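Worksheet: one structure, shown below.
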Amino acid sequence: MSVAIIIFCLVCLFAYRIRKLPEAIRTILLILGLFSGWFALFEIISYLEANPYLAAIPITLGLGYWYWHRKKKQNTTTPPSSS
């Protein structure tokens, strides 16, 4: 169920980006996308509450990305040493 809600949210938000649609339809798509995004978030949180050991996966991925981004940022901001 959660995957279907996430896909619906992404389809609504993708369709919202199409500029040729009338403004009223774009507004409805944006609202539907936001609501389904909230529902997907609640379902993911309830799933993590039911299986707390699975919370380690997004935490590990987030910390890994943070560490990688920090290292990348440090490498680009420090000037190369001239020897």
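The values are calculated or read from the model by the stated rules, or taken from the named source; none is laboratory data. Predicted model only: the values in this text are computed from it and were never measured. To get the accessible areas, we keep the full protein, side chains included, count just its heavy atoms, and leave off ligands, DNA and RNA. Shrake-Rupley method; radii C 1.70, N 1.55, O 1.52, S 1.80 Å.
For the chain, which whole percent of the accessible surface, found with a 1.4 angstrom probe, sits on carbon and sulfur atoms? On the chain, the fraction of accessible area on carbon and sulfur atoms equals 74 percent.
Shown in residue order for segment 21-27 are the 3J(HN,Hα) couplings computed by the Karplus curve 6.51 cos²θ - 1.76 cosθ + 1.60 at θ = phi - 60°: 6, x, 4, 5, 5, 4, 5 Hz (x for Gly and Pro). From the coordinates of this entry, Cα Rg over 2.2 N^0.38 Å is computed, and it appears in [x] 1.43; [y] 1.67; [z] 1.01 under the label [y].
For the chain, the relative contact order works out to 28 percent when only alpha carbon pairs closer than 8 Å and six or more residues apart are counted. Amide H to amide H distances under 5 Å link residue 21 with no residue, where only residues 5 or more positions off or on other chains count and H is placed in the peptide plane.
Average accessible surface for the chain: 86 Å² per residue, computed with a 1.4 Å probe over protein heavy atoms with every protein chain in place. Choose one answer from 50, 40, 24: the residue with the largest mean-square fluctuation in a GNM of the chain with alpha-carbon springs under 10 Å. Ranking 50, 40, 24 by mean-square fluctuation puts 24 first.
Applied to segment 8-14, the Karplus parametrisation 6.51 cos²θ - 1.76 cosθ + 1.60 on θ = phi - 60° returns per-residue 3J(HN,Hα) values of 4, 4, 5, 5, 4, 5, 5 Hz, with x for Gly and Pro.
A simple rule links phi to the HN-Hα coupling: the Karplus curve 6.51 cos²θ - 1.76 cosθ + 1.60 with θ = phi - 60°, which for segment 61-70 gives 5, x, 5, x, 5, 4, 5, 5, 5, 5 Hz, with x for Gly and Pro. Accessible area per residue (1.4 Å probe, heavy atoms of protein chains only) ranks 36, 46 as 46, 36, with the largest value leading.
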